[in-house]
Amino acid sequence: MTHTTQRVEITEVGMRDGFQMEQAIIPTRTKVEIGRALIAAGLSRIEATSFVSPRAVPQLSDATEVIEELKGHGARLAALVPNLRGAERAAAAGADEMVVFVSASETHNRLNINSSVIDSLAKVGEIAMLARSAGTELCGAVATSFGCPFEGDISPDAVTRVVESYASAGVHHVTLGDTTGMATPPLVDRLCRVLLKRFPEVTFSLHFHNTRGLGLVNVRAGLEAGVNHYESSIGGLGGCPFATGATGNICTEDLVYMMDETGITTGIDLEAISDVAHRLEAVLGRTLPGQLMKAGPRLKLHQVDETRIATG
């Protein structure tokens with residue numbers, strides 16, 4: 001595979017997509033420490049939280065505090081907003097970006113936000129007006145862009161419909177979400193080429209899950225198609241609460257390592273981001289899915305006298 005990309009932007013989503021899946025409440029102070037460490041490691045854009053109902057997702061009930069504590073530390077802070085009320089709270093907290101989300105799958109959209117696709121898109125227009133008045137950038141996400149566990153294959157036309165509605169509302173940064181890890185390189189290549197040609201004014205990001213082990217392979221397919229923006233999660237945290245078996249996002253430090261080894265600049269310090277992953281593993285008290293944090297980079301050398309030697 002060949003590509004001409006020299007630099008990519010990586011958005012860290014673990015503080016939202018990852019933390020929302022955790023049952024034990026993570027203290028706000030710990031979240032802020034993790035966020036500042038991510039910024040210090042070179043992350044310039046972080047999806048820091050979601051302004052959902054605190055009753056629905058208690059883990060993110062401190063959204064305002066997290067945004068306020070991370071403001072001014074050198075990264076653009078994005079927040080997921082499920083409705084107009086969430087957008088109002090995000091604007092009041094000072095989020096740099098709001099992210100709205102609609103599924104390309106009718107079934108998944110109803111399960112995820114209890115609304116039809118057409119009704120959800122109508123509400124995006126209201127949020128767009130609020131974002132403009134607040135001077136906050138509005139971004140969009142399309143869930144199940146590469147397949148739905150309830151409907152199967154999703155056509156490019158279904159994704160295009162959502163992107164077209166976003167673009168009409170003034171959204172110029174759209175993330176294509178592989179919500180349950182159904183993407184494959186051919187699907188990524190086909191959809192990305194269709195959308196890049198159809199919407200040259202839109203910046204597209206790709207958000208892959210590693211459910212079936214193809215996360216980084218799909219990134220390579222995205223690079224080949226011409227996409228330079230990716231979302232990932234520290235330690236590989238995350239998943240989808242509305243689909244059985246949907247495991248975590250692609251891992252930030254694994255993604256950075258692959259980029260480093262293929263000559264693509266990310267602006268992220270690999271050692272520093274790996275340290276954050278180890279810190280998070282200690283906070284959560286369990287082993288995380290990330291691979292690099294277990295083995296280290298390929299040129300990490302070991303002392304001979306500290307290595308087991310085969311005998312017999």
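The values are calculated or read from the model by the stated rules, or taken from the named source; none is laboratory data. These numbers come from a predicted model, not from an experiment. Counting neighbours? That spans all protein chains shown, and the Cβs are built from the backbone with ideal geometry, glycine included.
Checking Val276 against (1) under 20 Å from the mean Cα position of the chain (by Cα); (2) closer than 20 Å to Val8 by Cα; (3) modelled with pLDDT of 95 or more, which test does it fail?
Of everything listed in (1) under 20 Å from the mean Cα position of the chain (by Cα); (2) closer than 20 Å to Val8 by Cα; (3) modelled with pLDDT of 95 or more, Val276 misses just condition (2).
Of the conditions (1) within 22 Å of Asp178 (Cβ to Cβ); (2) touching a residue at least 40 places away in the same chain (Cβ under 8 Å); (3) in contact with a Phe, Trp or Tyr (Cβ under 8 Å, 6 or more places away or on another chain), Ala93 clears all except one; give me its number.
So the condition that Ala93 fails would be (1).
Residue under question is Ala183, and the condition is that it be over 23 Å from Glu47 (Cα atoms), crowded, with 16+ Cβ neighbours inside 10 Å and under 18 Å from the mean Cα position of the chain (by Cα); does it hold? Let's see the steps before the verdict.
Details: over 23 Å from Glu47 (Cα atoms): no; crowded, with 16+ Cβ neighbours inside 10 Å: yes; under 18 Å from the mean Cα position of the chain (by Cα): yes.
Considered against the rule, which asks whether it is over 23 Å from Glu47 (Cα atoms), crowded, with 16+ Cβ neighbours inside 10 Å and under 18 Å from the mean Cα position of the chain (by Cα), Ala183 comes out as no.
Quick one: would you say Gly14 is in contact (Cβ under 8 Å) with a residue 60 or more places away in the chain and surrounded by 16 or more Cβ atoms within 10 Å (Cβ to Cβ)? Give the derivation first.
Numbers: in contact (Cβ under 8 Å) with a residue 60 or more places away in the chain: yes; surrounded by 16 or more Cβ atoms within 10 Å (Cβ to Cβ): yes.
So Gly14 fits the description; yes.
Could we say that Ser44 is under 21 Å from Glu137 (Cα atoms), among the hydroxyl-bearing types (Ser, Thr, Tyr) and crowded, with 19+ Cβ neighbours inside 10 Å here? It would help to see each step written out before you state the result.
Details: under 21 Å from Glu137 (Cα atoms): yes; among the hydroxyl-bearing types (Ser, Thr, Tyr): yes; crowded, with 19+ Cβ neighbours inside 10 Å: no.
Against the criterion (under 21 Å from Glu137 (Cα atoms), among the hydroxyl-bearing types (Ser, Thr, Tyr) and crowded, with 19+ Cβ neighbours inside 10 Å), Ser44 does not qualify.
Having 3 or more residues that are farther than 15 Å from Val276 by Cβ and of a type outside the set (Ser, Thr, Tyr) is the bar; report the helices (runs of 4 or more DSSP H) wholly within region 1-110 that clear it. Spell out how you get there, then give the answer.
Values: elements: 28-40, 63-70, 84-93.
Here the list reads 63-70, 84-93.
State whether the residues of region 126-144 include one that is within 22 Å of the chain's Cα centre (by Cα), over 18 Å from Asn83 (Cα atoms) and either β-branched (Val, Ile, Thr) or crowded, with 22+ Cβ neighbours inside 10 Å (or both).
Step one: of region 126-144, the residues within 22 Å of the chain's Cα centre (by Cα) are 127-128, 131, 136-144.
From the residues that got through so far, the ones that are over 18 Å from Asn83 (Cα atoms) too are 144.
Subset that is either β-branched (Val, Ile, Thr) or crowded, with 22+ Cβ neighbours inside 10 Å (or both): 144.
So far as region 126-144 goes, yes, one or more of its residues are within 22 Å of the chain's Cα centre (by Cα), over 18 Å from Asn83 (Cα atoms) and either β-branched (Val, Ile, Thr) or crowded, with 22+ Cβ neighbours inside 10 Å (or both).
Which of (1) under 18 Å from Val52 (Cα atoms); (2) at pLDDT below 95 is the odd one out, the single condition Gly125 does not satisfy?
The single condition Gly125 does not satisfy is (1).
Looking at (1) at pLDDT below 95; (2) touching a His at 6+ places or on another chain (Cβ under 9 Å), which one does Glu137 not meet, given that it meets all the others?
Glu137 satisfies every listed condition except (1).
Take the residues in region 252-301 that are among the polar types (S, T, N, Q) and either in contact with a Pro (Cβ under 8 Å, 6 or more places away or on another chain) or assigned to a helix (DSSP H, G or I) (or both), then tell me which one is surrounded by the most Cβ atoms within 10 Å (Cβ to Cβ). I'd like the intermediate steps shown before the answer.
Step one: list which residues in region 252-301 are among the polar types (S, T, N, Q), which gives 252, 262, 265-266, 274, 287, 291.
Right, trim to either in contact with a Pro (Cβ under 8 Å, 6 or more places away or on another chain) or assigned to a helix (DSSP H, G or I) (or both) and you get 252, 274.
Values: Thr252: 33, Ser274: 23.
Ranking the qualifying residues of region 252-301, first place goes to Thr252.
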